[in-house]
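Have a look at the structure below, then the notes.
The values are calculated or read from the model by the stated rules, or taken from the named source; none is laboratory data. Because the structure is a prediction, the values reported are computed rather than measured. Note that we place each Cβ from the backbone using ideal geometry, even for glycine, and neighbour counts take in every protein chain shown.
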Amino acid sequence: MATASASPSATDLTADDVAALDRLRSVYGRLRQELARVIIGQEETIERLTICLFARGHALLMGVPGLAKTLLVSKLAETVSLNFSRIQFTPDLMPMDITGTDILQETADGRREFHFVPGPVFANIVLADEINRAPPQTQAAMLEAMQEHKVTVVGKTSRLDPPFFVLATQNPVEQEGTYPLPEAQLDRFMFLVELDYPSEEEEVAIARTTTGEAPPSLDHVMTAAEIIDYQQLVRRVPVPDHIYRFAAKLVRKTRPRGESAPAWLKPLVSWGAGPRAVQNLVLGAKSRAALLGSYMVRLEDVEAVAAPVLTHRLITTFAAQAEGIDAKQIVGRLVKETVEEQAG
């Protein structure tokens, strides 16, 4: 067991870090206020996307059409002064349509040379709309960019300017003519963010605000350089040792062949989460703590990010599907049991 002296505290942060965390909390409040001028509801979605942004992660948005997914992403880019690019994934989309390609151009002296023309992935925030509609080779073109922040075309590697944030959307209703994302690519997404229908009052407000004049332009609340500084600040948020152990224990319980898995989970899950899930739990908790003005990661921060981190990393069995049990329910029960064990 870790001693009290080994546990991190707010004193592990410098005075400048504490002041920067206070500024980040204030900026985050202004960001939410600006987005609320255009986006009705979706507070949890906005929080999770912002957590991903400052944790240097990527997010997969799942929701039926008409829930303002594209509008939300474009307005988020507008408020943080980042370049925004939207890629509509279709069955005929080619990898070079994403990464860019070399084209033959004539120079001023009459010679012909190949010049690289960057594709839409060369932006700070990239919206991969309906990513499961493109074939696997096109989906794979996003893998290197998401993981390495670079693209390789015809043997030449080009770096992507930071910050780099990929938001992909999927429509859970239509499955015909789609190509399910492989587990390796799903694991590249830090969060799965599920959007639900708005409440009745929110739907009335949506009708009022979207059937009148054009939506307002939003104020810029931070620059790309400031975002990079805040991303580095998030990495310095202290994490107590028992939080690391809680995250590892929670993830290990998702693996049905492991000794830590509870008996009730084994017939419901065919494959559990890998080590990247532990990393994302900790990074997501750090980012959430920083955004909410905490100088240290708390257990509730890990609880809050557990569902978006783990849900898309569990593969349920046919038995679970037959009983109507989904991965989100399994994660919820695991979190509850692990918290109770921690308290005991």
*Given P267, P256, P238, P262, which one is of a type outside the set (D, E) and over 30 Å from I315 (Cβ atoms)?*
P238
_So, in the range 47-74, exactly how many residues are assigned to a loop (DSSP other than H, G, I, E, B) and touching a helix residue (DSSP H, G or I) at 6+ places or on another chain (Cβ under 7 Å)?_
5
_Against the conditions (1) surrounded by 19 or more Cβ atoms within 10 Å (Cβ to Cβ); (2) touching a helix residue (DSSP H, G or I) at 6+ places or on another chain (Cβ under 9 Å), where does A77 fall short? Just the number, please._
(2)
_Options Q279, Q329; residue that is farther than 14 Å from M190 by Cβ, at pLDDT 95 or above and of a type in the set (S, T, N, Q)_ = Q329
*From (1) part of a helix (DSSP H, G or I); (2) among the small types (G, A, S); (3) touching a residue at least 24 places away in the same chain (Cβ under 8 Å), pick out the condition that doesn't hold for A304.*
(3)
*Only one residue in V166, V117 is assigned to a strand (DSSP E or B) and either modelled with pLDDT of 90 or more or closer than 30 Å to A327 by Cα (or both), so which one is that?*
V166
*Are there any pairs with C-beta distances below 6 angstrom linking a residue in the range 41-54 that is touching a residue at least 40 places away in the same chain (Cβ under 8 Å) to a residue that is acidic (D, E) and surrounded by 22 or more Cβ atoms within 10 Å (Cβ to Cβ), with the two at least 6 apart or on different chains, and if so which?*
none
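Looking at this structure, is L299 buried (at least 23 other Cβ atoms within 10 Å of the Cβ) and either over 24 Å from G63 (Cβ atoms) or touching an Asp or Glu at 6+ places or on another chain (Cβ under 7 Å) (or both)? Working first, answer last.
Values: buried (at least 23 other Cβ atoms within 10 Å of the Cβ): no; either over 24 Å from G63 (Cβ atoms) or touching an Asp or Glu at 6+ places or on another chain (Cβ under 7 Å) (or both): yes.
Against the criterion (buried (at least 23 other Cβ atoms within 10 Å of the Cβ) and either over 24 Å from G63 (Cβ atoms) or touching an Asp or Glu at 6+ places or on another chain (Cβ under 7 Å) (or both)), L299 does not qualify.
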_Top-ranked residue in the range 183-209 [being aliphatic (A, V, I, L, M) and in a helix (DSSP H, G or I); ranked as nearest to the chain's Cα centre (by Cα)]_ = L186
*asked:* Of everything in the range 301-344, what is hydrophobic (A, V, I, L, M, F, W, C) and farther than 24 Å from I46 by Cβ? Give them in sequence order.
replied: L314, I315, F318, A319, A320, A322, I325, I330, L334, V339, A343
*Show the residue pairs that are 6+ apart or on different chains and have beta-carbon atoms under 6 Å apart, the first residue being within the range 222-250 and farther than 13 Å from L82 by Cβ, the second being among the basic types (K, R) and at pLDDT 95 or above.*
V234/K286; V237/K286
*Identify all residues within the range 182-201 that are loosely packed, with under 14 Cβ neighbours inside 10 Å, touching a residue at least 12 places away in the same chain (Cβ under 8 Å) and not polar (S, T, N, Q); write none if there are none.*
P182, E183, A184, D196, Y197
_Looking at E144, E130, E113, E106 in this structure, which one is in contact (Cβ under 8 Å) with a residue 12 or more places away in the chain and in contact with a strand residue (DSSP E or B) (Cβ under 8 Å, 6 or more places away or on another chain)?_
E130
*asked:* Which numbered condition in (1) at pLDDT below 90; (2) under 18 Å from Y28 (Cα atoms) is the only one that R235 fails?
replied: (1)
*Say whether the condition of being in contact with a helix residue (DSSP H, G or I) (Cβ under 7 Å, 6 or more places away or on another chain), more than 15 Å from L334 (Cα to Cα) and buried (at least 23 other Cβ atoms within 10 Å of the Cβ) is met by at least one residue in the range 250-263.*
no
*If you scan the range 251-276, which residues turn out to be in a helix (DSSP H, G or I) and in contact (Cβ under 8 Å) with a residue 60 or more places away in the chain?*
R276
